[in-house]
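The values are calculated or read from the model by the stated rules, or taken from the named source; none is laboratory data. Just so we're clear, the structure is a prediction, and the values are computed from it rather than from any experiment. Neighbour counts are summed over all protein chains in view; Cβ atoms, including those assigned to glycine, are modelled from backbone coordinates with ideal geometry.
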Amino acid sequence: MFKIKTNLNARKTLKLKKNKSSFALSATLAVVASTLFASSLVQADPHSNYVAPIDVPTAPVNSCKWYQPVCHAAYDISYAAYLVEKAQVNATNYANRYNTQYPIVLVHGVSGFDKIIGVVEYFQNIPAALRNGNAVVYTPNVTAWDTAQMRGEQLRDYIENTVLPETGASKVHLVGHSLGSPTSRYVAGVQPELVSSVTSINGINYGSGFADWGVQNIIGGPLEGIGEDLINLTGNVIDALAGNPEYANDALESIKFMSTEGALAFSAEFPDGEPTSYCGDGANLVNGIHYYSWGSTGTLTNAADVSDPLMALFDSLGYYNGEASDGLVAKCSQHWGENIRDDYWMNHLDATNMLFALHNLLETNPKTLYKNHADRFRGMGL
């Protein structure tokens, strides 16, 4: 009995030593993995080529008996190698978490810009958030006030002569806000081989109730002349500050285009992705192009945001027939293709993280929506 008890104690001692050794090894490997992880993040290049996701390696199986120390040593070495490889794979995948196969092109809406005097962004802090996951992001500047067709030709030229030559890609993801949605749909319609997907964010797809108000109360009335001059001047200043003083704005045509009548006429010509019913979903995949949308219904979303009262005013003036809006576009008008969600508590400007990234703190951060979308494309291999 004494000899058996001694052997049992020896086994316990051996097991305790092995556990301590395994704990020390795990701690060391954790430090190594953390170092590799941090190193990979630092080295991520926001303009690198597409890096396909890597499958996490399979852990080795320990089939050793307790009395086979050489077998255990070999397993420990293989397991250590597995942990290092797993850390490297996870770090690479994390560093490239938004690195889609095709570049992402963020298309601004009416009265918009890419960046004013190199500081104020239309898509506030969103390009940087995507590039932090190694996404390749472009923010073209098209005319502030014009039709989707005119802006779309500028966008098509930018894709063909800037984005594709610089990246070597064959097509792009178009993510358009407001009037940027039909602008993107135009490019997809006239040259589909350039486009992998079109995403409408608070898009003017069935028109804007506020534009309807403008058509009824400004165009053709005594205020038309001064209103046109004022809007064109504003657009010209915005374009000049954004680096394109040569752009010519056309306020009246832009307002007419954004009205319900103008938007419906455009959709009749470019119907790909159109919902089967008002406030419903459209086809996700048409002519090789994926169509998505999301939108919101808030107006007063942050007491510190000076744009909120303006959005509330537009909502009160617009012709929305009792339908909730983001201030400028009715909830259901924002639908196109596969609708991800249409009731975020954000106003029209919050959707691009304006002004100055002030939004409802209890709602999803607007940047998160763009990051999730990039991750969606990466998961699809696009």
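Could you tell me whether Leu155 is in the same structural domain as Ser200 (by TED's automatic domain parsing) and over 19 Å from Asp239 (Cβ atoms)? Give the steps one after another, and end with the answer.
Working: in the same structural domain as Ser200 (by TED's automatic domain parsing): yes; over 19 Å from Asp239 (Cβ atoms): no.
No, not satisfied.
Taking Thr167, is it at pLDDT below 95 and within 30 Å of Ile340 (Cα to Cα)?
Values: at pLDDT below 95: yes; within 30 Å of Ile340 (Cα to Cα): yes.
Considered against the rule, which asks whether it is at pLDDT below 95 and within 30 Å of Ile340 (Cα to Cα), Thr167 comes out as yes.
Based on what the data block shows, is Thr139 over 25 Å from Glu261 (Cα atoms) and either out of contact with any Cys (no Cβ under 9 Å at 6 or more places or on another chain) or touching a residue at least 60 places away in the same chain (Cβ under 8 Å) (or both)? Spell out how you get there, then give the answer.
On the way: over 25 Å from Glu261 (Cα atoms): yes; either out of contact with any Cys (no Cβ under 9 Å at 6 or more places or on another chain) or touching a residue at least 60 places away in the same chain (Cβ under 8 Å) (or both): yes.
Yes, satisfied.
Quick one: in the stretch 346-379, which of the residues that are in contact with a His (Cβ under 8 Å, 6 or more places away or on another chain) and assigned to a loop (DSSP other than H, G, I, E, B) is surrounded by the most Cβ atoms within 10 Å (Cβ to Cβ)?
By that ranking, first place goes to Met346.
Which members of the stretch 225-268 meet the condition of being surrounded by 15 or more Cβ atoms within 10 Å (Cβ to Cβ), assigned to a helix (DSSP H, G or I) and either acidic (Asp, Glu) or not assigned by TED's automatic domain parsing to the domain that holds Tyr320 (or both)?
Correct list: Glu228, Asp239, Glu253.
Can you tell me which condition Ile159 does not meet? The list is (1) farther than 20 Å from Met380 by Cβ; (2) part of a loop (DSSP other than H, G, I, E, B), and all the others hold.
So Ile159 meets the others, but not (2).
Output the residues belonging to the stretch 65-91 that are of a type outside the set (A, V, I, L, M, F, W, C) and assigned to a loop (DSSP other than H, G, I, E, B). Full working, then the answer.
As a first pass, look at the stretch 65-91 and keep what is of a type outside the set (A, V, I, L, M, F, W, C): 65, 67-69, 72, 75-76, 78-79, 82, 85-86, 88, 90.
Residues satisfying the conditions are Lys65, Tyr67, Gln68.
Filter the stretch 269-287 down to the residues that are part of a loop (DSSP other than H, G, I, E, B) and under 23 Å from Val190 (Cα atoms) and list them by number.
Phe270, Pro271, Asp272, Gly273, Glu274, Pro275, Thr276, Asp281, Gly282, Ala283, Asn284, Asn287
Criterion first (surrounded by fewer than 24 Cβ atoms within 10 Å (Cβ to Cβ), over 18 Å from Asn353 (Cβ atoms), at pLDDT below 95 and touching a Pro at 6+ places or on another chain (Cβ under 6 Å)) does Ala95 satisfy it?
Values: surrounded by fewer than 24 Cβ atoms within 10 Å (Cβ to Cβ): yes; over 18 Å from Asn353 (Cβ atoms): yes; at pLDDT below 95: yes; touching a Pro at 6+ places or on another chain (Cβ under 6 Å): no.
When the stated conditions are applied, Ala95 does not pass them.
Among the aromatic types (Phe, Trp, Tyr) and either outside the structural domain of Leu358 (by TED's automatic domain parsing) or under 22 Å from Pro366 (Cα atoms) (or both): which single residue out of Tyr122, Tyr186 fits that description?
Numbers: Tyr186 fails: either outside the structural domain of Leu358 (by TED's automatic domain parsing) or under 22 Å from Pro366 (Cα atoms) (or both).
After applying the criteria, what remains is Tyr122.
For residues that are in a loop (DSSP other than H, G, I, E, B) and touching a His at 6+ places or on another chain (Cβ under 8 Å), tally how many sit in the stretch 329-345. So that I can check it myself, show each step before the final result.
In the first step, residues of the stretch 329-345 are kept if they are in a loop (DSSP other than H, G, I, E, B); the result is 329, 331, 335-337, 345.
When the remaining residues are screened for being touching a His at 6+ places or on another chain (Cβ under 8 Å), the result is 329, 337.
Within the stretch 329-345, residues that are in a loop (DSSP other than H, G, I, E, B) and touching a His at 6+ places or on another chain (Cβ under 8 Å) number 2.
Can you find, within the stretch 154-196, the residue that is nearest to Gly209 (Cα to Cα) among those that are among the polar types (S, T, N, Q) and buried (at least 21 other Cβ atoms within 10 Å of the Cβ)? Step through it out loud before you land on a result.
First pass over the stretch 154-196, keeping only residues among the polar types (S, T, N, Q): 154, 161-162, 167, 170, 178, 181, 183-184, 191, 196.
Next, from what is left, pick out any that are buried (at least 21 other Cβ atoms within 10 Å of the Cβ): 178, 181, 183-184, 196.
Values: Ser178: 13, Ser181: 16, Thr183: 19, Ser184: 21, Ser196: 30 Å.
The extreme case among them is Ser178.
What number goes with the only condition from (1) at pLDDT 95 or above; (2) part of a loop (DSSP other than H, G, I, E, B) that Thr301 does not pass?
All conditions pass for Thr301, except number (1).
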